[in-house]
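Each value in this text was obtained by applying a stated rule to the coordinates, not by laboratory testing. What you are looking at is a predicted structure, and each value in this text was computed from that prediction instead of being measured. Cβ sites come from the backbone with ideal geometry, for glycine too, and all protein chains shown count toward neighbours.
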Amino acid sequence: MSLTPDERKNKLNRLLELLQTSNYTYSKEKGGISLEQLPPPSGSRINCESAARVFMQIAADMGVDQLQAVYYKATATNARGDAMGYFVPTTPFVKALGNQPEISNRVLTGWEFDNHWRVKDPITGITYDPTFGTSSPNNPAGIIGTSMETGTNFSMTTVYGKKYSVKRQGITVTCEEVSPLPVSSTLLVSDASFTPKLMTGLRA
């Protein structure tokens, strides 16, 4: 018996809450989880791809099928061809798997991404962000990187949306506002920026 759209939404909303309270730690470097550990144990370090994979697998186990992984990869590059990524500012209600932002500064608070995964339900048209525990139209927008420079002593400065500068010097991060103008809508990452991509590593 197939689920109604409302039943699908209710189950997936409960699943979003479950992921945010499962004591996972968001870590963009950690992506590998095995089928034997799907879902991974409480307290595991996982990235956005793993969060989407866990979401899709548990949803299938709950009878919510036909979900589609969607993906965004930064395409803007600097003169050397390095991808400049994008920045997701936080709000008081947006955390990554229940965890605080990686960058917390009086000017800018949030997370830097090179790419990101979400999950779309083609039956209801809703896109879910398992990392942040949100769903459209409330998925957090990202600000596209508009310039990037690398320097000596492991320093890198990225400007997002021609407005915010994030400089990393070793483990030290400093942020400043470089323009009083608002970020142009053309420099924002939204659900419409994500395209379907095959998600591997799921149980049959």
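The table below gives the values:
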quantity: Segment 134-204: relative contact order as a whole-number percent, Cα under 8 Å and 6+ apart; calculated: 26 percent
quantity: Distance between modelled label sites at Met62 and Ser179, nm, 7 Å Cα→Cβ extension; calculated: 4.1 nm
quantity: Segment 5-196 - percent relative contact order, Cα under 8 Å, separation 6 or more; calculated: 20 percent
quantity: Dipole moment magnitude, nearest 20 debye, the chain about Cα centre, only Lys, Arg, Asp, Glu C-beta charged; calculated: 120 debye
quantity: Using a Förster distance of 25 Å, the FRET efficiency for Glu7-Asn138 (Cβ separation, nearest 0.05); calculated: 0.75
quantity: Reduced Cα scattering model of the chain, Debye log10 I(q)/I(0), q = 0.13 Å⁻¹; calculated: -0.73
quantity: In degrees, nearest ten, helix 48-61 long axis to first principal axis of the chain (Cα); calculated: 10 degrees
quantity: Among Gly151, Gly161, Gly98, residue whose mean-square fluctuation peaks in a GNM of the chain (springs only between Cα atoms under 10 Å); calculated: Gly151
quantity: Highest-fluctuation residue, Met156, Met56, Met148 considered, GNM on the chain with Cα pairs under 10 Å; calculated: Met156
quantity: Dipole of the chain, positive direction: furthest Cα of Met148, Tyr26, Val119, with charges on the beta-carbon; calculated: Met148
quantity: Span per principal axis, largest first, for the Cα atoms of segment 111-186 (Å); calculated: 50, 28, 15
quantity: Helix 5-20 axis, angle to the chain major axis (alpha carbon atoms, nearest 10°); calculated: 50 degrees
quantity: Sorted by Cβ density within 10 Å, fewest first, the residues Phe93, Phe55; calculated: Phe93, Phe55
quantity: Subset of Lys28/Lys95; Lys9/Lys95; Lys28/Lys197; Lys11/Lys73; Lys9/Lys120; Lys120/Lys162 violating a 23 Å alpha-carbon distance limit; calculated: Lys11/Lys73; Lys120/Lys162
quantity: Among Leu181, Leu19, Leu38: highest mean-square fluctuation, GNM of the chain, C-alpha pairs under 10 Å; calculated: Leu181
